[in-house]
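Novice: Structure incoming, see below.
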Amino acid sequence: IFSKTSGRFEDVSESSSETDEDEEQPVHHQEGNTDLPSEYWGIQKLAKYLKGGNPTATIIALCLMRDFNLAQETCQLAIRDTGCLEVLINLLDTEEIKCQIGSLKILKEISQNTLIRHEIADLGGLQIMVKILDSLDKDAKCLAAETIANVARFKQARKTVRQHGGIKRLVGLLECVSVGSSILTPYQAKDTEIARCGALALWSCSKSTKNKAAIRKAGGIPLLARCLKCSHANILTPVVGTLQECASEPIYRLAIKTEGMIENLVKNLRSEHEELQMHCANAIFKCAEDKETRDLVRQHGGLQPLSVLLSNSENKQLLAAVTGAIWKCAISRENVSKFREYKVIEALVGLLTDQPEEVIVNTVGALGECCQEPINRTIIRKCDGIPPLVKLLTGTDQMLLVNVTKTVGACAIEPENMMIIDRLDGVRLLWSLLKNPNPDVQANAAWAICPCIENAKDAGEMVRSFVGGLELIVNLLKSKNKEVLASVCAAITNIAKDEENLAVITDHGVVPLLSKLANTNNDKLRRHLAEAISYCCMWGSNRVTFGETKAVAPLVRYLKSNDPSVLRATAQALYQLSEDPNNCITMHENGVVKLLLAMVGSPDETLQEAAAGCIANIRRLALATEKAKYG
């Protein structure tokens, strides 16, 4: 969903639940007619001159109206209440350019008001303004585009702009930009202003998926890339704003990478303008899921300015964008090494408390990726990062829980970290998150439990202390989610190392549930399932039960996998199962000997021994059968 609150995003078009900026703003109504300020009555007096029809009187009335503070809601609503809004929109349709410009100057100001935006759209103002984008008058073009930028903050307005050819015209305005010169002639400055206003309008319009497609079809991508080379922040901000909005679409993310835009995004991370920095960081956040993009950010020197921006803790929107960009860039191990060099891990730990949820979600995600380097797990502990991470396990935000379960699990790989996690009741919190309805949370919690069991001083006793914990984890084998199943199988492998716990999960029906999963083509699940089966064979008649519940034949097919870890786990499981004569027969019937013989010469000693042991058990059974037959 990389949406604002989750660190991920999800695309929407007009036909779906597109976020409507206006719906998030309070709508104010003018109450009664009492105690209205003098400005209200002043505009009411001007209304009759505006409606009078005389061009000169109209222009004078427009000029006088602009003397009022049009940013004030009283003045905005006075224009609406006195019927001036209809007149202003009608004036857009005249041949008199001065009237057009005068009207647009007022509409540009008052369209900051939610109610007036909707009324302009209802009165057909957008259609006329789209036509004005073709005007030969540069001032009229600029004002029309800026007003469209204001009005197109709600869904229906964005749709109207597209349906009346506005996107193509707005993209055309980007061609006016002057690139390469920091000092512009008056002519170039005016053209650059046209491009800026066009970019502002495209930014508003780009909040809809269909408009993103329309911008691309109109040739917007190369023009946005060209504008990105401009050195003026006032045009760069709406250009990068549009790009980061469009970066929710894969085709734009690819273009940002291939059209050389990463270099300019990185360059503008060093801008003096925080809004521009924020949009650049957000664009990187959305694009850096891709490895080549992450490499480009590093190669163009983007990791250092991102690290520096972490110290700007006052601007929370900028901080959210920067932590998001660091999170995604840290997926690459080479970038993690650079971040360690820039002391990013220490800075991130400092952001785990007293921050908006969006910042914390991204910060925890970034720390989780940084844990790829073992030394960073130690740094997190030494900076007192474990207690705030464990505390976040009690949160409710789903994306936060997905990230924090992964990060706590990564930290738990270090035994010293695990001691702190256990002391703070972190393992119990992880176990309770297995009940969370979100499969991503369930899977990450189960993965996190694995190193916790491995590094616990008395793992068996710790696991038994969670009332109903074993039944809960066994029941998760009924999940339809492959990642949940793989993680739960991995947890069961660790649980089954304790004989008492293995007996309990056997009573809870772990064997038939594992057998039911055997017919899978997913190599990750195959590996962990085979390991779980291998350890579960160590109790009672579980080996026999696996045979009876048809787990053996599908396991033989795993030996055709190209994944070495699947082969190793499967050979070990088959070795354990081959202690039962009936399983040996099933294996032999399914051609296991030929497959295992090829593995006896493997350089992997564990695989080699398991394959040889399984073949030996099958051979021993065959010899015993022959002896019984022929004496």
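The values are calculated or read from the model by the stated rules, or taken from the named source; none is laboratory data. On a predicted model such as this, the values are computed, not experimentally measured, just so you know. Note: ideal-geometry Cβ built from the backbone for every residue, glycine included; neighbour counts use all protein chains shown. All accessible areas refer to the heavy atoms of the entire protein, side chains included, with ligands and DNA or RNA removed. Shrake-Rupley method; radii C 1.70, N 1.55, O 1.52, S 1.80 Å.
Novice: If I go through segment 402-442 residue by residue, how many of them are under 17 Å from CYS371 (Cβ atoms) and under 21 Å from the mean Cα position of the chain (by Cα)?
Specialist: 9
Novice: So, LEU202, is that one open to solvent by less than 40 Å² (accessible area, probe 1.4 Å), in contact with a Pro (Cβ under 8 Å, 6 or more places away or on another chain) and either modelled with pLDDT under 95 or assigned to a helix (DSSP H, G or I) (or both) or not?
Specialist: yes
Novice: Hey, among the residues in segment 246-281 that are within 22 Å of ALA214 (Cβ to Cβ) and polar (S, T, N, Q), which one's least open to solvent (accessible area, probe 1.4 Å)?
Specialist: SER248
Novice: Considering only segment 395-402, I want to know if a residue exists there that is part of a helix (DSSP H, G or I), out of contact with any strand residue (DSSP E or B) (no Cβ under 7 Å at 6 or more places or on another chain) and farther than 20 Å from VAL349 by Cα.
Specialist: Taking every residue of segment 395-402 in turn, at least one turns out to be part of a helix (DSSP H, G or I), out of contact with any strand residue (DSSP E or B) (no Cβ under 7 Å at 6 or more places or on another chain) and farther than 20 Å from VAL349 by Cα.
Novice: How about segment 516-527: which of its residues are surrounded by fewer than 23 Cβ atoms within 10 Å (Cβ to Cβ) and part of a helix (DSSP H, G or I)?
Specialist: The answer is LYS516, ASP523, LYS524, LEU525.
Novice: Sticking with this one: Restricting the search to segment 267-297, which residues are of a type outside the set (Asp, Glu) and more than 20 Å from the chain's Cα centre (by Cα)?
Specialist: Answer for segment 267-297, where residues must be of a type outside the set (Asp, Glu) and more than 20 Å from the chain's Cα centre (by Cα): LYS267, ASN268, LEU269, ARG270, SER271, HIS273, LEU276.
Novice: Just to be sure I understand, how many residues within segment 577-611 are open to solvent by less than 80 Å² (accessible area, probe 1.4 Å), outside any helix (DSSP H, G or I) and farther than 23 Å from VAL511 by Cα?
Specialist: Here the count works out to 6.
Novice: Among (1) in a helix (DSSP H, G or I); (2) open to solvent by 10 Å² or more (accessible area, probe 1.4 Å), which single condition is CYS197 missing?
Specialist: Failed condition: (2).
Novice: While we're looking at this one, here's another question. Going by what's in this entry, would PRO437 be described as in a loop (DSSP other than H, G, I, E, B) and either more than 23 Å from LEU525 (Cα to Cα) or open to solvent by 40 Å² or more (accessible area, probe 1.4 Å) (or both)?
Specialist: yes
Novice: Filter segment 440-474 for residues that are of a type in the set (S, T, N, Q) and assigned to a helix (DSSP H, G or I) and give the result.
Specialist: GLN442, ASN444, ASN455
Novice: Quick one: LEU88 ticks every box in (1) under 24 Å from LYS190 (Cβ atoms); (2) part of a helix (DSSP H, G or I); (3) aliphatic (A, V, I, L, M) bar one, so which box is it?
Specialist: (1)
Novice: Identify, from the list GLU96, GLU73, the residue that is of a type outside the set (A, V, I, L, M), within 30 Å of LEU136 (Cβ to Cβ) and either modelled with pLDDT of 65 or more or in contact with an Asp or Glu (Cβ under 8 Å, 6 or more places away or on another chain) (or both).
Specialist: When all the criteria are applied, what remains is GLU96.
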